[in-house]
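The values are calculated or read from the model by the stated rules, or taken from the named source; none is laboratory data. Owing to the predicted nature of the structure, the values given are computational and were not obtained by experimental measurement. We place every Cβ from the backbone using ideal geometry, glycine too, and count neighbours over all the protein chains shown. Just so you know, the surface numbers come from the protein's heavy atoms only, side chains and all, with ligands and any DNA or RNA stripped out. Shrake-Rupley method; radii C 1.70, N 1.55, O 1.52, S 1.80 Å.
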Amino acid sequence: VPRVTGGAQHADEDGRIAGAGTVRADLLGALLSERYFSLAPPKSTGRELFCADYLDKALSRVPSVSDAALLATLTELTAATVAHACLAAHVDRVVTSGGGVRNPALVAALRQRLGAIEFTTTDALGLPADAKEGYLFALLGFLSWYGVPGVLPGTTGSRVARVLGSITPGATPLRLPAPGPRPERLVVEAGPEPPRRS
């Protein structure tokens, strides 16, 4: 989005740009030809692979692409890869969170690719979709505090269970409690609304 807006925007608000474009099948094919997509899970990657170079290489293999078509195709790429992973795992329900749930173009593309699979957001389950990272860090902090691994073998490619993060003491020594049992589930309950600043 910064590329097509000259840095004026960092996200495609409400999927407006992508929604105005048409998916380019040739570009989508070039993007999906990345070897990473054919690797079996567990797998993980990030901006070291999916960066401007990845996009530029795919764009160099197809005729010129308009800004709206580019964002429509990248949105479809996201929907295609997420749906492929869900379908391969034979899920019967997809629960989404994060900023993407506010993008109608992405949600529509994902719903179409998922077909009859139930699709909802964490909002419907009482966990604000925009707060997933805050909840996740709180959970990881809790697990680390009690010495409970946040990563188990086979979940990310790790061969051993690992306690994640570190806890840095302040001016006084740190006394951690004895490790507790591995949590089996997380229950999120609504609390009082935080005070609003005027």
Given all pairs of distinct Cα atoms, the range 34-126 yields a Kirkwood Rh in Å of 14.9 Å
Among chymotrypsin sites (Phe, Trp or Tyr not before Pro) in the range 1-110, those in a DSSP loop whose Cβ has at most 16 other Cβ atoms within 10 Å are F50
The range 13-71 accessible area per residue, 1.4 Å probe, protein heavy atoms, integer Å², reads 63 Å²
Its Cα gyration tensor gives the range 60-171 an equivalent ellipsoid whose semi-axes in whole Å, largest first, are 33, 18, 17
Projected onto their principal axes, the Cα atoms of the chain stretch, largest extent first, over whole-Å spans of 62, 49, 41
Quick note, the range 15-66: a/c under 1.5 would make it rounded; otherwise a/b > b/c is prolate and the rest oblate (a ≥ b ≥ c, C-alpha gyration tensor); here it is prolate
Counting only DSSP loop positions in the range 1-105, the GluC sites (Glu not before Pro) whose Cβ has at most 16 other Cβ atoms within 10 Å are E48
In whole percent, the fraction of accessible protein surface over the chain that belongs to carbon or sulfur atoms, probe radius 1.4 Å, stands at 56 percent
Checking the range 69-166 for trypsin sites (Lys or Arg not before Pro) in a loop per DSSP with at most 15 other beta-carbon atoms within 10 Å yields R159
Cα extents of the range 115-168 along the principal axes, largest first, in whole Å, come to 41, 25, 13
